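The values are calculated or read from the model by the stated rules, or taken from the named source; none is laboratory data. Remember, it's a predicted structure, so these values are computed and weren't measured experimentally. FYI the Cβ positions are ideal-geometry reconstructions off the backbone, even for glycines, and counts take in every protein chain you see.
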Amino acid sequence: MRMLTKALLAVVAGAFVSASGANAANAWNCTAPANVCAKRMTKGAHAKPAKHHQHAQHTKSSKSKHYAKSSKSKHYAKTSHRKSYKVARKKSYKAASYGGGQSGVASWYGGKFHGRKTASGERYNQNALTAAHRSLPFGTRVRVTNTNNGNAVVVRINDRGPFVGGRVIDLSRAAASSIGINGVGHVKIAVLGRN
């Protein structure tokens, strides 16, 4: 009797395993035997998730590195531009002050600028012996010599300019007239000091 009961239980258990295996095979579209499909289904349930999250993190980190590099390059571009501008101003100042050999085209300005504020804050007077220079400090006295006739005049820098390419200094009307410049002329500049 006991042997019969055991045999009956074994048959029922086998039928249950076969049924669950068949269901697994149907769920996974598995063509292998039922017990093999059941094992595959069990492994699939406990399988690790895909590495999509890791890929997303890698993409974010690569983007952040790219933005960091681009921001650094922009920062370096700005600082290099500022440094080059400062160096250019220092070179221009040294050429006029130490070499005493800065030369180029001089022009003059007056008329509508008379009475207006200059870059130094004082009012422009076209009848005073003043001038505009791009980099020399305000209050610097310079000797401007007309190379065509040898006439020279001492002027004080109180403004910024000229703003036309190829020109080195902008004289007041009185200063330009005293050395025989009616429009533009070629001059040599020598720095004498500051007031």
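Look at (1) charged (D, E, K, R); (2) over 38 Å from the mean Cα position of the chain (by Cα); (3) under 15 Å from Gly104 (Cα atoms) and you find that Asp170 fails only one, number (2).
The set of residues in the stretch 127-146 that are surrounded by fewer than 22 Cβ atoms within 10 Å (Cβ to Cβ) and either touching a Cys at 6+ places or on another chain (Cβ under 7 Å) or farther than 13 Å from Ala176 by Cα (or both) comprises Arg134, Ser135, Pro137, Phe138, Gly139, Thr140, Arg141. Counting the residues of the stretch 146-160 that are under 20 Å from Asn195 (Cα atoms) and not charged (D, E, K, R) gives 6. Checked against (1) closer than 14 Å to Gln102 by Cβ; (2) crowded, with 16+ Cβ neighbours inside 10 Å, His186 passes all but a single condition, namely (2). For the stretch 114-167, filtering for residues that are among the β-branched types (Val, Ile, Thr), assigned to a loop (DSSP other than H, G, I, E, B), at pLDDT 95 or above and under 38 Å from the mean Cα position of the chain (by Cα) leaves 1.
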